[in-house]
Amino acid sequence: ATALFAASAQTFPGSRPITLVVPFAAGGPTDRVARDLAEAMRKSMGGANFVVENVNGAGGTIGANKVAKAAPDGHTLLLHHIGMAAAPGLYRKLPYKPLEDFDYLGMINEVPMTIIGKPQLAANNYRDLENYIRNNSGKLNIAHAGLGSASHLCGLMWQAAINAKDAMTTIPFGGTAPAMNALMGGQVDMMCDQTTNTTGQIEAGRVKAYAVTTARPLSGNKLLKDYPSLQEMGLKSFNLTIWHGLYAPKGTPPAALAQINAALKLALKDPDFIKRQEGLGAVVVTDNRVEPAAHKAFVAAEIAKLKPVIEAAGKFAD
Ligand code: MLT
């Protein structure tokens, strides 16, 4: 892999760092994917200097907008998740256009989510939890990482699915890393978050787990086998998987895009990257969704799919 880049007399990336913008707080699930991917792409791009920058807030739209407006020279990239497709349905005045303001590089992975609670939550399994929510309607809260975040989207969909739309107050954070600290400390009651962030905390008994959001465990992660899916718990159509993709500002030179996409493909085959991701319940993309055009078509389809889901759940930002 290194030879591929060492031999080619490309000016890109040269010695200048490549900034990988993560639109959520450090220490969260998006950050986890970005740091693991940066490690693998440093190798597959012949030692390129990848720097992860956390730009959080507004459900990932602040970081996404920063990259949309960045110089299109291949030295600023965005690693984002399903929020790339959820934000258009949640923000009436989004400062960027997801399908027009970015060059698409490819899809990275898919991650399940878990419904988790604070250690003291008086519910010991999913059935108890639904009953507890009903019996304490209006008294409980659920954390998320801002409108357009995966945790917000999951919370919206879950509350709609259990007819508890107004049963819980939603508490926004600048990412689910700070939300997790509040949950472990008992300051918030519940959260829906990705296994890349929750696996360690559940295994350590620092939070209570109740269910997973994918119809089946996505990888060999043994933890996920201990908990039912929301589908098994009666939410027949519930099947939420959080995918992550890589993006550059529109107008990035095609040669740079081609190099980054080639390095992404090699990174997704990196055994260390795969092992880390699968250990956290994620699966790494192995099909053509890593191709720019296929990923862009996938995101366009996700935007169309999520709009009515979000409309039905009914919480928007102006
Ligand atoms: C994070 O990285 O903090 C999460 O992906 C936020 C979210 O989207 O829930």
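The values are calculated or read from the model by the stated rules, or taken from the named source; none is laboratory data. This structure is a prediction, so every number in the text was calculated from the model and none was measured. No Cβ is skipped: glycine too gets one built from the backbone with ideal geometry, and neighbour counts run over all protein chains shown. Note: accessible area is taken over every heavy atom of the protein model, side chains too, but ligands, DNA and RNA are not part of it. Shrake-Rupley method; radii C 1.70, N 1.55, O 1.52, S 1.80 Å.
Here are the numbers:
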{"item": "Residue in the stretch 152-201 that is farthest from the ligand (Cβ to nearest atom), counting only those that are hydroxyl-bearing (Ser, Thr, Tyr) and open to solvent by less than 40 Å² (accessible area, probe 1.4 Å)", "result": "Thr199"}
{"item": "Test result for Asn141, touching an Asp or Glu at 6+ places or on another chain (Cβ under 7 Å), open to solvent by 10 Å² or more (accessible area, probe 1.4 Å), outside any loop (DSSP other than H, G, I, E, B) and more than 8 Å from the ligand (Cβ to nearest atom)", "result": "yes"}
{"item": "Odd one out for Glu130, checked against (1) touching a strand residue (DSSP E or B) at 6+ places or on another chain (Cβ under 8 Å); (2) away from the ligand (no atom under 16 Å from the Cβ); (3) outside any loop (DSSP other than H, G, I, E, B)", "result": "(1)"}
{"item": "From the options Gln259, Gln231, residue that is among the polar types (S, T, N, Q), open to solvent by less than 40 Å² (accessible area, probe 1.4 Å) and farther than 26 Å from Gly146 by Cβ", "result": "Gln259"}
{"item": "Hits in the stretch 277-304 - residues which are within 15 Å of Glu110 (Cβ to Cβ), touching a residue at least 40 places away in the same chain (Cβ under 8 Å) and not small (Gly, Ala, Ser)", "result": "Gln277, Glu278, Leu280, Val283, Val284, Val285, Arg289, Val290, His295, Phe298, Val299, Glu302"}
{"item": "Residue under evaluation Pro98, criteria (1) over 16 Å from the mean Cα position of the chain (by Cα); (2) in a loop (DSSP other than H, G, I, E, B), criterion not met", "result": "(1)"}
{"item": "Helices (runs of 4 or more DSSP H) fully within the stretch 244-318 counting 3 or more residues that are under 20 Å from Ala38 (Cα atoms)", "result": "254-267, 271-279"}
